[in-house]
Amino acid sequence: MAKNTKELDEISTTDKLKASKALKDAGFRVELNGSGVPTVVCVNVDEMDKQLVKMKKVLKELRYIGSFGIRGPRKSDNILSEEASSDAAKDTDALGEESALDPEILTA
């Protein structure tokens, strides 16, 4: 019984794309960086350990042995929780209505 093992150099882009799609389907936020390594972006740095365990489980089911990554949010990612984004949307709507009604706000 010969095992079908792949060396790290033999991992194709297709395998990385399959891993990325599987992680997305599992509910993770995934990005492929410049080298094509699937990287999960966590909303909260405190939950990275939990996310890592879940990621490994998903990738193990795929028999993916290539590189993968996990990172916390950057300031430029604009990742907000659902509550924060809905609150921000409400604030923007309220500000937009006020500024349309009050010309002094526009000049201030």
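Residue-wise test of (1) outside any loop (DSSP other than H, G, I, E, B); (2) of a type in the set (S, T, N, Q); (3) at pLDDT 80 or above.
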{"residue": "Met48", "(1), (2), (3)": "yes, no, yes"}
{"residue": "Ser67", "(1), (2), (3)": "no, yes, yes"}
{"residue": "Ile70", "(1), (2), (3)": "yes, no, yes"}
{"residue": "Leu80", "(1), (2), (3)": "no, no, no"}
{"residue": "Ser85", "(1), (2), (3)": "yes, yes, no"}
{"residue": "Ala88", "(1), (2), (3)": "yes, no, no"}
{"residue": "Ala94", "(1), (2), (3)": "yes, no, no"}
{"residue": "Glu98", "(1), (2), (3)": "yes, no, no"}
{"residue": "Leu106", "(1), (2), (3)": "yes, no, no"}
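Scanning segment 28-46 for residues that are in a helix (DSSP H, G or I) and open to solvent by less than 100 Å² (accessible area, probe 1.4 Å) gives a single hit, Val45.
The values are calculated or read from the model by the stated rules, or taken from the named source; none is laboratory data. All values reported here derive from a predicted model rather than from experimental measurement. Accessible surface is based on the protein model in full, side chains and every heavy atom, while ligands, DNA and RNA are left aside. Shrake-Rupley method; radii C 1.70, N 1.55, O 1.52, S 1.80 Å.
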